[in-house]
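Trainee: Have a look at the structure that comes next, please.
The values are calculated or read from the model by the stated rules, or taken from the named source; none is laboratory data. On a predicted model such as this, the values are computed, not experimentally measured, just so you know. When we count neighbours, we look across all protein chains shown, and the Cβ atoms used for this are built from the backbone with ideal geometry, even at glycine. Calculation scope for accessible area: heavy atoms of the full protein, side chains included, ligands and nucleic acids excluded. Shrake-Rupley method; radii C 1.70, N 1.55, O 1.52, S 1.80 Å.
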Amino acid sequence: MKQQILLVDAYNMIGHWPELERLKKADQLEAARDKLLHILSAYHKQVNARIIVAFDAMYVPGLGQSYERYGLEIVWTDEGQTADSYIERLAGQLQTRLTQVTVATSDGAEQWAVFSQGALRKPAWELYQDIKRAKQEVHEATRTYQDQALVRRSPFDEEQLKELAKLRDELSNN
């Protein structure tokens, strides 16, 4: 099975996911970025994929940097480089016969570049729905496990419980 790599155009997600967009419109861009990373980190724990999040820093002199945080690879592009160009180049480098790259973006022009390299494109809204669905599946699996644990509270099976009840009755009669 191919290793899954998800390249995320961060500001596309912030502009299209409702709770992040609200933060951005309230001039809380830093909070929106942090919330995005927390959401993607939780998703990373649920799926077996390498996740690289690219932030466009083309107008920030000297910022270009990469680091790992919350199990994610976070990249701030170099001055003069857009997140789109960074993602397009990286998708081409990472897409091999052993890897499947998916680019999460809502940028229409970017889709043609990543498709031509063999990568897949996932619109921001579709990734948002995938994350919600994965979270719900984990919630349901946890609830099912907890329900089963409640049913199995006793360390004894049905036959052992009958034997213990007989012993209790004998002791109370004596």
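Trainee: Restricted to region 7-58, and to residues that are among the aliphatic types (A, V, I, L, M) and part of a strand (DSSP E or B), which residue is surrounded by the fewest Cβ atoms within 10 Å (Cβ to Cβ)? Don't jump to the end; show me each part of the working.
Mentor: Here is the first cut: in region 7-58, the ones among the aliphatic types (A, V, I, L, M) are 7-8, 10, 13-14, 20, 23, 26, 29, 31-32, 36-37, 39-40, 42, 47, 49, 51-54, 57-58.
If we keep only those that are part of a strand (DSSP E or B) as well, we get 7-8, 49, 51-54.
Working: 7: 26, 8: 29, 49: 14, 51: 22, 52: 22, 53: 24, 54: 28.
Among residues in region 7-58 that are among the aliphatic types (A, V, I, L, M) and part of a strand (DSSP E or B), the one surrounded by the fewest Cβ atoms within 10 Å (Cβ to Cβ) is 49.
Trainee: Here's a follow-up. Can you find even one residue in region 103-110 that is open to solvent by 80 Å² or more (accessible area, probe 1.4 Å) and at pLDDT 75 or above?
Mentor: So far as region 103-110 goes, no, none of its residues is open to solvent by 80 Å² or more (accessible area, probe 1.4 Å) and at pLDDT 75 or above.
Trainee: While we're on this one: Could we say that residue 53 is under 30 Å from residue 139 (Cα atoms) and in contact (Cβ under 8 Å) with a residue 60 or more places away in the chain here? So that I can check it myself, show each step before the final result.
Mentor: Values: under 30 Å from residue 139 (Cα atoms): yes; in contact (Cβ under 8 Å) with a residue 60 or more places away in the chain: no.
The answer is no for residue 53.
Trainee: Separate question: Could you go through region 22-44 and let me know if any residue there is modelled with pLDDT under 90 and not aliphatic (A, V, I, L, M).
Mentor: no
Trainee: Collect the residues in region 120-174 that are modelled with pLDDT of 75 or more, within 18 Å of the chain's Cα centre (by Cα), aliphatic (A, V, I, L, M) and part of a helix (DSSP H, G or I), keeping them in residue-number order.
Mentor: 124, 127, 131, 134, 138
Trainee: Right, here's the next one. Within the bounds of region 59-81, is there any residue that is within 22 Å of residue 125 (Cβ to Cβ) and either open to solvent by 10 Å² or more (accessible area, probe 1.4 Å) or of a type in the set (Gly, Ala, Ser) (or both)?
Mentor: No, region 59-81 has no match at all.
Trainee: Which numbered condition trips up residue 9, out of (1) among the acidic types (Asp, Glu); (2) out of contact with any strand residue (DSSP E or B) (no Cβ under 7 Å at 6 or more places or on another chain); (3) at pLDDT 90 or above?
Mentor: Just one mismatch for residue 9, condition (2).
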